[in-house]
Amino acid sequence: MTSIDHGHVPTGNTMDPEGNTLNPVGANEKTWGWFAIFNVWANDVQSLFGYSLVASLFISYGVSGWTAFAALIAAGLFTMWMVNLSGAAGEKYGIPYPVLARASLGTSGAKLPAILRATVAVFWYGVQVYFASTAVALLIRSITGASGGAEILGLTGIDWLSFFIVWAFHIMIFWRGMNWVETFLNIAGPFVYLVMIGLVIVLWQRSDGQLLSAAGTIFANPDASFASEFNGFVAIVGTMVAYFAAVMINFSDFSRYAKDRPTMLLGNLTGLPFNMILFSALALLTTAGAAVVFGEEITNPSEIVERTDSVLLGIIAAITFFAATVGINLVANFIPAVNGIANLAPGKISFRQAGLITSAFALIIGGLWTSFISEFGIGGFVNTLGATLAPIFGIMIVDYYVHRKGHLDLDDLYNMQGGRYHYQDGWNRTAVMAFGLAAVFSVATVWVPWFGFLSGYNWVIGAVLGGGIYTLLAKSPARV
(Lines give C-alpha, C1' and ligand atoms only; values in the text may rest on other atoms or scores of the structure.)
Protein backbone atom coordinates (compact mmCIF):
# COMPACT_ATOMS: atom_id res chain seq x y z
CA MET A 1 0.00 0.00 0.00
CA THR A 2 1.32 3.45 -0.82
CA SER A 3 1.76 6.14 1.77
CA ILE A 4 -0.65 9.04 2.07
CA ASP A 5 0.53 12.24 0.46
CA HIS A 6 1.05 15.38 2.49
CA GLY A 7 -2.20 17.23 3.02
CA HIS A 8 -4.45 14.16 2.62
CA VAL A 9 -7.32 14.01 5.12
CA PRO A 10 -8.59 10.65 6.37
CA THR A 11 -11.85 9.61 4.81
CA GLY A 12 -14.82 7.48 5.77
CA ASN A 13 -15.13 6.37 9.38
CA THR A 14 -11.42 6.32 10.17
CA MET A 15 -11.23 9.95 11.24
CA ASP A 16 -12.05 11.15 14.74
CA PRO A 17 -15.32 13.15 14.85
CA GLU A 18 -15.16 16.82 13.90
CA GLY A 19 -13.74 18.99 16.62
CA ASN A 20 -11.55 16.34 18.25
CA THR A 21 -8.10 17.65 19.07
CA LEU A 22 -6.43 14.56 17.56
CA ASN A 23 -7.70 15.23 14.04
CA PRO A 24 -4.99 16.13 11.50
CA VAL A 25 -5.02 19.90 11.08
CA GLY A 26 -6.20 21.20 7.73
CA ALA A 27 -4.43 23.65 5.45
CA ASN A 28 -6.51 26.50 6.90
CA GLU A 29 -5.23 25.67 10.41
CA LYS A 30 -1.54 25.55 9.45
CA THR A 31 -1.07 29.25 10.18
CA TRP A 32 1.97 29.34 12.47
CA GLY A 33 4.89 31.23 10.96
CA TRP A 34 8.49 30.99 12.14
CA PHE A 35 7.90 33.65 14.81
CA ALA A 36 5.20 31.54 16.46
CA ILE A 37 7.60 28.56 16.61
CA PHE A 38 10.30 30.94 17.90
CA ASN A 39 7.99 32.00 20.73
CA VAL A 40 7.21 28.41 21.66
CA TRP A 41 10.88 28.15 22.62
CA ALA A 42 11.06 31.66 24.06
CA ASN A 43 8.28 30.78 26.49
CA ASP A 44 9.74 27.35 27.23
CA VAL A 45 13.09 28.92 28.15
CA GLN A 46 11.83 31.96 30.04
CA SER A 47 10.24 30.40 33.12
CA LEU A 48 11.30 31.26 36.66
CA PHE A 49 12.52 27.69 37.06
CA GLY A 50 14.45 28.00 33.77
CA TYR A 51 16.19 31.13 35.01
CA SER A 52 17.03 29.57 38.37
CA LEU A 53 18.34 26.45 36.62
CA VAL A 54 20.58 28.40 34.23
CA ALA A 55 21.83 30.68 37.02
CA SER A 56 22.60 27.70 39.26
CA LEU A 57 24.56 26.01 36.46
CA PHE A 58 26.94 28.97 36.34
CA ILE A 59 27.58 28.48 40.05
CA SER A 60 27.32 24.74 40.67
CA TYR A 61 29.93 23.39 38.26
CA GLY A 62 32.71 25.85 39.08
CA VAL A 63 33.40 26.71 35.44
CA SER A 64 33.96 30.08 33.85
CA GLY A 65 30.91 31.97 32.67
CA TRP A 66 32.00 31.53 29.07
CA THR A 67 32.35 27.74 29.40
CA ALA A 68 28.85 27.54 30.85
CA PHE A 69 27.58 29.89 28.14
CA ALA A 70 29.10 27.69 25.40
CA ALA A 71 27.56 24.57 26.97
CA LEU A 72 24.11 26.16 26.97
CA ILE A 73 24.44 27.05 23.29
CA ALA A 74 25.57 23.49 22.49
CA ALA A 75 22.52 22.15 24.36
CA GLY A 76 20.30 24.44 22.30
CA LEU A 77 21.80 23.17 19.04
CA PHE A 78 21.42 19.51 20.08
CA THR A 79 17.81 20.08 21.15
CA MET A 80 17.11 21.81 17.83
CA TRP A 81 18.36 18.72 15.99
CA MET A 82 16.15 16.45 18.09
CA VAL A 83 12.97 18.50 17.67
CA ASN A 84 13.53 18.80 13.93
CA LEU A 85 13.47 14.99 13.89
CA SER A 86 10.46 14.57 16.19
CA GLY A 87 8.48 17.43 14.66
CA ALA A 88 8.85 16.42 10.99
CA ALA A 89 5.91 14.00 10.94
CA GLY A 90 3.69 16.48 12.75
CA GLU A 91 4.42 19.16 10.16
CA LYS A 92 4.09 16.78 7.22
CA TYR A 93 0.86 15.05 8.21
CA GLY A 94 -0.67 17.56 10.65
CA ILE A 95 -0.83 14.97 13.45
CA PRO A 96 -0.14 15.35 17.20
CA TYR A 97 2.23 13.25 19.28
CA PRO A 98 -0.33 10.63 20.49
CA VAL A 99 -1.29 9.86 16.87
CA LEU A 100 2.35 9.71 15.73
CA ALA A 101 3.04 7.20 18.53
CA ARG A 102 0.43 4.87 16.99
CA ALA A 103 2.78 4.14 14.08
CA SER A 104 5.41 2.56 16.33
CA LEU A 105 3.44 1.24 19.34
CA GLY A 106 0.07 0.49 17.75
CA THR A 107 -3.30 2.20 17.78
CA SER A 108 -3.94 0.99 21.35
CA GLY A 109 -0.32 0.78 22.46
CA ALA A 110 0.12 4.51 21.81
CA LYS A 111 -2.14 5.22 24.76
CA LEU A 112 0.69 4.11 27.07
CA PRO A 113 3.25 6.80 26.15
CA ALA A 114 0.48 9.37 25.66
CA ILE A 115 -0.89 8.89 29.17
CA LEU A 116 2.62 8.85 30.68
CA ARG A 117 3.36 12.20 29.03
CA ALA A 118 -0.08 13.51 29.98
CA THR A 119 0.33 12.49 33.63
CA VAL A 120 3.62 14.35 33.92
CA ALA A 121 2.11 17.33 32.11
CA VAL A 122 -1.06 17.45 34.23
CA PHE A 123 0.96 17.40 37.44
CA TRP A 124 3.30 20.20 36.40
CA TYR A 125 0.42 22.14 34.86
CA GLY A 126 -1.22 22.33 38.29
CA VAL A 127 2.05 23.25 39.98
CA GLN A 128 2.77 26.01 37.44
CA VAL A 129 -0.75 27.43 37.89
CA TYR A 130 0.15 27.82 41.56
CA PHE A 131 3.53 29.44 40.83
CA ALA A 132 1.94 31.84 38.33
CA SER A 133 -0.56 32.80 41.03
CA THR A 134 2.28 33.86 43.34
CA ALA A 135 3.19 36.54 40.79
CA VAL A 136 -0.41 37.83 40.80
CA ALA A 137 -0.41 37.78 44.61
CA LEU A 138 2.82 39.81 44.57
CA LEU A 139 1.18 42.30 42.22
CA ILE A 140 -1.91 42.66 44.44
CA ARG A 141 0.19 43.13 47.58
CA SER A 142 2.45 45.67 45.83
CA ILE A 143 -0.54 47.75 44.77
CA THR A 144 -2.77 47.41 47.87
CA GLY A 145 -0.30 46.76 50.66
CA ALA A 146 -2.68 44.11 52.03
CA SER A 147 -1.34 41.02 53.79
CA GLY A 148 -4.10 38.57 52.92
CA GLY A 149 -5.19 37.55 56.42
CA ALA A 150 -5.37 34.05 57.90
CA GLU A 151 -4.15 31.03 55.96
CA ILE A 152 -6.29 28.16 54.67
CA LEU A 153 -4.30 25.14 53.45
CA GLY A 154 -1.18 27.30 53.55
CA LEU A 155 -2.63 30.12 51.42
CA THR A 156 -4.03 33.50 52.47
CA GLY A 157 -7.17 35.04 51.02
CA ILE A 158 -5.09 37.00 48.50
CA ASP A 159 -3.23 33.82 47.57
CA TRP A 160 -6.49 31.95 46.92
CA LEU A 161 -7.94 34.86 44.95
CA SER A 162 -4.79 34.99 42.83
CA PHE A 163 -4.85 31.23 42.32
CA PHE A 164 -8.45 31.24 41.05
CA ILE A 165 -7.71 34.22 38.78
CA VAL A 166 -4.78 32.40 37.16
CA TRP A 167 -6.72 29.12 36.96
CA ALA A 168 -9.61 30.88 35.20
CA PHE A 169 -7.20 32.77 32.93
CA HIS A 170 -5.79 29.48 31.63
CA ILE A 171 -9.31 28.23 30.90
CA MET A 172 -10.13 31.43 29.02
CA ILE A 173 -7.03 31.05 26.85
CA PHE A 174 -7.57 27.42 25.80
CA TRP A 175 -11.35 27.82 25.47
CA ARG A 176 -10.77 30.21 22.57
CA GLY A 177 -8.55 27.69 20.77
CA MET A 178 -4.96 27.38 19.57
CA ASN A 179 -5.01 30.80 17.87
CA TRP A 180 -5.35 32.42 21.29
CA VAL A 181 -2.55 30.23 22.64
CA GLU A 182 -0.36 31.40 19.75
CA THR A 183 -1.29 35.05 20.37
CA PHE A 184 -0.45 34.85 24.07
CA LEU A 185 2.91 33.21 23.37
CA ASN A 186 3.75 35.88 20.77
CA ILE A 187 3.10 38.65 23.32
CA ALA A 188 4.66 37.03 26.39
CA GLY A 189 7.99 36.04 24.80
CA PRO A 190 9.25 39.51 23.74
CA PHE A 191 7.76 41.18 26.83
CA VAL A 192 9.74 38.98 29.22
CA TYR A 193 12.97 39.83 27.39
CA LEU A 194 12.30 43.56 27.65
CA VAL A 195 11.99 43.33 31.43
CA MET A 196 15.08 41.10 31.76
CA ILE A 197 17.09 43.61 29.73
CA GLY A 198 15.78 46.37 32.01
CA LEU A 199 16.96 44.44 35.07
CA VAL A 200 20.43 44.01 33.55
CA ILE A 201 20.62 47.77 32.89
CA VAL A 202 19.73 48.52 36.54
CA LEU A 203 22.40 46.11 37.79
CA TRP A 204 24.92 47.45 35.26
CA GLN A 205 24.46 50.96 36.63
CA ARG A 206 24.76 49.84 40.24
CA SER A 207 27.85 47.73 39.57
CA ASP A 208 29.83 50.74 38.30
CA GLY A 209 30.56 49.05 34.98
CA GLN A 210 32.05 45.89 36.56
CA LEU A 211 29.25 43.61 35.43
CA LEU A 212 30.75 42.42 32.13
CA SER A 213 34.20 41.65 33.52
CA ALA A 214 32.67 39.84 36.49
CA ALA A 215 30.51 37.65 34.29
CA GLY A 216 33.49 35.75 32.89
CA THR A 217 35.29 35.03 36.13
CA ILE A 218 33.13 35.56 39.21
CA PHE A 219 31.87 31.95 39.42
CA ALA A 220 35.00 30.24 38.10
CA ASN A 221 37.11 27.90 40.20
CA PRO A 222 40.59 29.45 40.58
CA ASP A 223 42.09 25.95 40.46
CA ALA A 224 40.17 24.99 37.33
CA SER A 225 41.87 22.83 34.70
CA PHE A 226 40.96 21.87 31.15
CA ALA A 227 39.52 18.60 32.48
CA SER A 228 37.30 20.32 35.07
CA GLU A 229 36.07 22.83 32.50
CA PHE A 230 35.35 20.06 29.99
CA ASN A 231 33.53 17.92 32.58
CA GLY A 232 31.47 20.93 33.60
CA PHE A 233 30.70 21.65 29.94
CA VAL A 234 29.41 18.11 29.33
CA ALA A 235 27.39 18.07 32.57
CA ILE A 236 25.66 21.35 31.73
CA VAL A 237 24.81 20.14 28.21
CA GLY A 238 23.31 16.96 29.66
CA THR A 239 21.30 18.84 32.27
CA MET A 240 19.79 21.24 29.74
CA VAL A 241 18.95 18.44 27.27
CA ALA A 242 17.08 16.68 30.09
CA TYR A 243 15.29 19.99 30.82
CA PHE A 244 13.93 20.10 27.25
CA ALA A 245 13.25 16.35 27.07
CA ALA A 246 9.49 16.53 27.55
CA VAL A 247 8.91 19.04 24.74
CA MET A 248 11.29 17.12 22.45
CA ILE A 249 9.08 14.04 22.49
CA ASN A 250 5.79 15.83 21.77
CA PHE A 251 6.99 18.65 19.51
CA SER A 252 4.69 17.42 16.75
CA ASP A 253 1.89 18.87 18.90
CA PHE A 254 3.22 22.28 17.79
CA SER A 255 4.92 21.58 14.46
CA ARG A 256 1.57 20.40 13.08
CA TYR A 257 0.46 24.07 13.00
CA ALA A 258 3.56 25.27 11.09
CA LYS A 259 2.88 26.58 7.58
CA ASP A 260 5.50 24.27 6.06
CA ARG A 261 8.78 22.49 6.81
CA PRO A 262 11.08 25.50 6.09
CA THR A 263 8.95 27.53 8.52
CA MET A 264 9.40 24.88 11.23
CA LEU A 265 13.15 24.65 10.63
CA LEU A 266 13.59 28.44 10.70
CA GLY A 267 11.47 28.74 13.83
CA ASN A 268 13.57 26.10 15.59
CA LEU A 269 16.84 27.62 14.35
CA THR A 270 16.00 31.09 15.61
CA GLY A 271 14.02 29.84 18.57
CA LEU A 272 16.45 27.44 20.19
CA PRO A 273 20.04 28.69 19.64
CA PHE A 274 18.99 32.36 19.65
CA ASN A 275 16.82 32.07 22.77
CA MET A 276 19.51 30.06 24.54
CA ILE A 277 22.11 32.67 23.65
CA LEU A 278 19.98 35.66 24.65
CA PHE A 279 18.39 34.14 27.74
CA SER A 280 21.65 32.60 28.98
CA ALA A 281 23.52 35.87 28.41
CA LEU A 282 20.90 37.81 30.36
CA ALA A 283 20.87 35.19 33.13
CA LEU A 284 24.68 35.25 33.31
CA LEU A 285 24.83 39.05 33.42
CA THR A 286 22.00 39.30 35.94
CA THR A 287 23.46 36.66 38.25
CA ALA A 288 26.94 38.18 38.01
CA GLY A 289 25.54 41.67 38.52
CA ALA A 290 23.66 40.57 41.63
CA ALA A 291 26.86 38.99 42.99
CA VAL A 292 28.75 42.28 42.46
CA VAL A 293 26.02 44.61 43.75
CA PHE A 294 24.66 42.53 46.65
CA GLY A 295 27.68 40.37 47.38
CA GLU A 296 25.65 37.16 47.11
CA GLU A 297 25.11 34.45 44.51
CA ILE A 298 21.35 34.85 43.95
CA THR A 299 19.61 32.49 41.52
CA ASN A 300 16.01 33.65 42.11
CA PRO A 301 15.16 36.64 39.87
CA SER A 302 12.26 37.71 42.09
CA GLU A 303 14.70 38.07 45.00
CA ILE A 304 17.01 40.19 42.84
CA VAL A 305 14.08 42.45 41.93
CA GLU A 306 13.12 42.74 45.58
CA ARG A 307 16.68 43.80 46.47
CA THR A 308 16.51 46.71 44.00
CA ASP A 309 13.86 48.38 46.21
CA SER A 310 12.00 49.62 43.14
CA VAL A 311 8.19 49.48 43.47
CA LEU A 312 7.74 50.10 39.74
CA LEU A 313 10.20 47.34 38.84
CA GLY A 314 8.48 45.06 41.33
CA ILE A 315 5.09 45.58 39.68
CA ILE A 316 6.50 45.11 36.19
CA ALA A 317 8.43 42.03 37.32
CA ALA A 318 5.29 40.49 38.85
CA ILE A 319 3.48 40.84 35.52
CA THR A 320 6.53 39.44 33.73
CA PHE A 321 6.86 36.40 35.98
CA PHE A 322 3.14 35.74 35.47
CA ALA A 323 3.50 35.92 31.67
CA ALA A 324 6.60 33.73 31.69
CA THR A 325 5.05 31.04 33.87
CA VAL A 326 1.76 30.91 31.94
CA GLY A 327 3.78 30.75 28.71
CA ILE A 328 5.77 27.69 29.67
CA ASN A 329 2.67 26.10 31.18
CA LEU A 330 0.86 26.30 27.85
CA VAL A 331 3.88 25.00 25.93
CA ALA A 332 5.27 22.25 28.15
CA ASN A 333 2.21 21.11 30.07
CA PHE A 334 -1.23 22.06 28.80
CA ILE A 335 -1.00 20.96 25.15
CA PRO A 336 0.54 17.50 25.83
CA ALA A 337 -1.91 16.97 28.71
CA VAL A 338 -4.93 17.73 26.53
CA ASN A 339 -3.75 15.58 23.62
CA GLY A 340 -2.84 12.69 25.90
CA ILE A 341 -6.21 12.74 27.66
CA ALA A 342 -8.06 12.97 24.34
CA ASN A 343 -6.18 9.88 23.11
CA LEU A 344 -7.68 7.80 25.92
CA ALA A 345 -11.02 7.89 24.12
CA PRO A 346 -10.40 8.99 20.51
CA GLY A 347 -13.50 10.50 18.96
CA LYS A 348 -15.23 11.07 22.33
CA ILE A 349 -13.10 13.62 24.21
CA SER A 350 -12.84 17.02 22.51
CA PHE A 351 -10.17 19.72 22.94
CA ARG A 352 -12.35 21.67 25.37
CA GLN A 353 -13.40 18.59 27.34
CA ALA A 354 -9.77 17.48 27.72
CA GLY A 355 -8.87 21.03 28.74
CA LEU A 356 -11.53 21.04 31.46
CA ILE A 357 -10.33 17.66 32.75
CA THR A 358 -6.77 19.04 32.88
CA SER A 359 -8.02 22.18 34.66
CA ALA A 360 -9.91 20.11 37.25
CA PHE A 361 -6.72 18.24 38.15
CA ALA A 362 -4.83 21.56 38.22
CA LEU A 363 -7.33 22.96 40.71
CA ILE A 364 -6.60 20.10 43.08
CA ILE A 365 -2.84 19.85 42.54
CA GLY A 366 -2.20 23.61 42.61
CA GLY A 367 -4.55 24.23 45.53
CA LEU A 368 -2.92 21.54 47.66
CA TRP A 369 0.66 22.22 46.54
CA THR A 370 1.74 24.34 49.52
CA SER A 371 -0.02 22.43 52.29
CA PHE A 372 0.42 18.84 51.16
CA ILE A 373 1.85 17.84 47.78
CA SER A 374 5.15 19.76 48.06
CA GLU A 375 5.73 18.03 51.43
CA PHE A 376 4.71 14.58 50.24
CA GLY A 377 7.77 13.86 48.10
CA ILE A 378 5.87 13.09 44.92
CA GLY A 379 8.84 14.20 42.82
CA GLY A 380 10.20 10.65 42.59
CA PHE A 381 6.91 9.44 41.13
CA VAL A 382 6.80 12.20 38.52
CA ASN A 383 10.49 11.78 37.66
CA THR A 384 9.91 8.07 37.16
CA LEU A 385 7.15 8.76 34.66
CA GLY A 386 9.37 11.29 32.90
CA ALA A 387 12.26 8.83 32.70
CA THR A 388 10.10 6.31 30.90
CA LEU A 389 9.52 8.79 28.06
CA ALA A 390 13.15 8.66 26.89
CA PRO A 391 12.93 5.15 25.32
CA ILE A 392 9.66 6.15 23.62
CA PHE A 393 11.47 8.99 21.85
CA GLY A 394 14.15 6.62 20.54
CA ILE A 395 11.58 4.06 19.38
CA MET A 396 9.47 6.69 17.59
CA ILE A 397 12.45 8.24 15.79
CA VAL A 398 13.92 4.89 14.67
CA ASP A 399 10.52 3.62 13.55
CA TYR A 400 9.69 6.74 11.52
CA TYR A 401 13.07 7.29 9.85
CA VAL A 402 14.65 3.81 9.67
CA HIS A 403 11.70 1.47 9.31
CA ARG A 404 9.22 3.73 7.50
CA LYS A 405 11.61 6.05 5.65
CA GLY A 406 9.52 9.06 6.67
CA HIS A 407 6.22 7.78 5.22
CA LEU A 408 2.95 7.15 7.08
CA ASP A 409 -0.53 6.06 6.04
CA LEU A 410 -2.80 8.71 7.49
CA ASP A 411 -6.01 6.68 7.14
CA ASP A 412 -4.54 3.73 9.03
CA LEU A 413 -3.31 5.98 11.86
CA TYR A 414 -6.96 6.78 12.59
CA ASN A 415 -8.26 3.26 12.01
CA MET A 416 -8.75 1.87 15.52
CA GLN A 417 -10.15 -1.50 14.34
CA GLY A 418 -7.55 -2.58 11.77
CA GLY A 419 -4.89 -1.40 9.35
CA ARG A 420 -1.12 -1.64 9.35
CA TYR A 421 -0.72 0.13 12.71
CA HIS A 422 -3.18 -2.14 14.53
CA TYR A 423 -0.57 -4.94 14.88
CA GLN A 424 -1.81 -7.55 17.41
CA ASP A 425 -5.04 -6.20 18.89
CA GLY A 426 -3.71 -2.66 18.65
CA TRP A 427 -0.28 -3.34 20.23
CA ASN A 428 3.13 -3.58 18.57
CA ARG A 429 4.63 -6.07 20.99
CA THR A 430 8.15 -5.60 19.63
CA ALA A 431 8.05 -1.89 20.44
CA VAL A 432 6.43 -2.51 23.82
CA MET A 433 9.15 -5.03 24.73
CA ALA A 434 11.89 -2.62 23.64
CA PHE A 435 10.24 0.11 25.68
CA GLY A 436 10.03 -2.10 28.75
CA LEU A 437 13.68 -3.18 28.60
CA ALA A 438 15.01 0.35 28.05
CA ALA A 439 12.64 1.81 30.66
CA VAL A 440 14.16 -0.45 33.33
CA PHE A 441 17.42 1.43 32.89
CA SER A 442 15.73 4.84 32.75
CA VAL A 443 13.79 4.22 35.95
CA ALA A 444 16.90 2.82 37.65
CA THR A 445 18.67 6.16 37.10
CA VAL A 446 15.97 7.77 39.27
CA TRP A 447 15.96 5.29 42.16
CA VAL A 448 19.35 3.51 42.23
CA PRO A 449 22.04 5.68 43.87
CA TRP A 450 24.81 3.95 41.90
CA PHE A 451 23.46 5.55 38.71
CA GLY A 452 23.71 9.02 40.22
CA PHE A 453 26.79 9.78 38.11
CA LEU A 454 24.55 9.58 35.02
CA SER A 455 22.40 12.48 36.18
CA GLY A 456 21.91 14.72 33.17
CA TYR A 457 22.85 11.99 30.70
CA ASN A 458 20.16 9.42 31.47
CA TRP A 459 17.60 10.80 29.02
CA VAL A 460 19.95 10.57 26.02
CA ILE A 461 21.12 7.09 27.03
CA GLY A 462 17.52 5.95 27.54
CA ALA A 463 16.53 7.23 24.09
CA VAL A 464 19.48 5.49 22.42
CA LEU A 465 18.70 2.25 24.26
CA GLY A 466 15.03 2.41 23.27
CA GLY A 467 15.80 2.89 19.58
CA GLY A 468 18.66 0.39 19.60
CA ILE A 469 16.75 -2.41 21.33
CA TYR A 470 13.74 -1.82 19.09
CA THR A 471 15.93 -2.25 16.00
CA LEU A 472 17.54 -5.41 17.38
CA LEU A 473 14.21 -7.01 18.31
CA ALA A 474 12.54 -6.25 15.00
CA LYS A 475 13.06 -9.30 12.83
CA SER A 476 12.54 -7.22 9.71
CA PRO A 477 11.83 -3.59 8.92
CA ALA A 478 8.24 -2.65 9.63
CA ARG A 479 6.08 -2.83 6.56
CA VAL A 480 5.04 0.52 5.14
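The values are calculated or read from the model by the stated rules, or taken from the named source; none is laboratory data. What you are looking at is a predicted structure, and each value in this text was computed from that prediction instead of being measured. No Cβ is skipped: glycine too gets one built from the backbone with ideal geometry, and neighbour counts run over all protein chains shown. Just the protein is used for accessible areas: all its heavy atoms, side chains included, with ligands, DNA and RNA removed. Shrake-Rupley method; radii C 1.70, N 1.55, O 1.52, S 1.80 Å.
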**Item:** Breaking point among (1) open to solvent by 40 Å² or more (accessible area, probe 1.4 Å); (2) touching a helix residue (DSSP H, G or I) at 6+ places or on another chain (Cβ under 6 Å), for THR183
**Value:** (2)
**Prompt:** Does any residue in the range 344-355 that is assigned to a helix (DSSP H, G or I) come within less than 6 Å, Cβ to Cβ, of a residue that is surrounded by 15 or more Cβ atoms within 10 Å (Cβ to Cβ) and not basic (Lys, Arg) six or more places away or on a different chain, and which pairs are these?
**Reply:** PHE351/THR21; ALA354/VAL338; ALA354/ILE341; ALA354/ALA342; GLY355/PHE174; GLY355/VAL338
**Prompt:** When you scan the range 23-40, how many residues do you find that are small (Gly, Ala, Ser) and in a helix (DSSP H, G or I)?
**Reply:** 2
**Prompt:** How many of the residues making up the range 87-122 are touching a helix residue (DSSP H, G or I) at 6+ places or on another chain (Cβ under 6 Å), surrounded by fewer than 24 Cβ atoms within 10 Å (Cβ to Cβ) and either assigned to a loop (DSSP other than H, G, I, E, B) or of a type outside the set (A, V, I, L, M) (or both)?
**Reply:** 1
**Of all residues making up the range 452-480, the number that are in contact with a Ser or Thr (Cβ under 9 Å, 6 or more places away or on another chain), surrounded by fewer than 17 Cβ atoms within 10 Å (Cβ to Cβ), modelled with pLDDT under 85 and not in a loop (DSSP other than H, G, I, E, B)** = 1
**Fill in**
Restricting attention to the range 139-156, the residues that are in contact with an Asp or Glu (Cβ under 9 Å, 6 or more places away or on another chain) and either of a type in the set (D, E, K, R) or in a helix (DSSP H, G or I) (or both) number exactly 1
**Prompt:** Looking at this structure, is GLY436 in a helix (DSSP H, G or I), open to solvent by less than 70 Å² (accessible area, probe 1.4 Å), touching a residue at least 12 places away in the same chain (Cβ under 8 Å) and not aliphatic (A, V, I, L, M)?
**Reply:** no
**Fill in**
With criteria (1) open to solvent by less than 20 Å² (accessible area, probe 1.4 Å); (2) part of a helix (DSSP H, G or I); (3) of a type outside the set (A, V, I, L, M); (4) under 18 Å from GLY106 (Cβ atoms), SER442 comes up short on (4)
**Request:** Among the residues of the range 386-426, count how many are buried (at least 21 other Cβ atoms within 10 Å of the Cβ), in a loop (DSSP other than H, G, I, E, B) and among the acidic types (Asp, Glu).
**Result:** 1
**Long-range neighbours under 7 Å by Cβ, at least six apart or interchain, first residue touching a residue at least 60 places away in the same chain (Cβ under 8 Å) within the range 178-200, second among the aromatic types (Phe, Trp, Tyr)** = MET178/TYR257; VAL181/PHE174; GLU182/TRP32; ASN186/PHE35
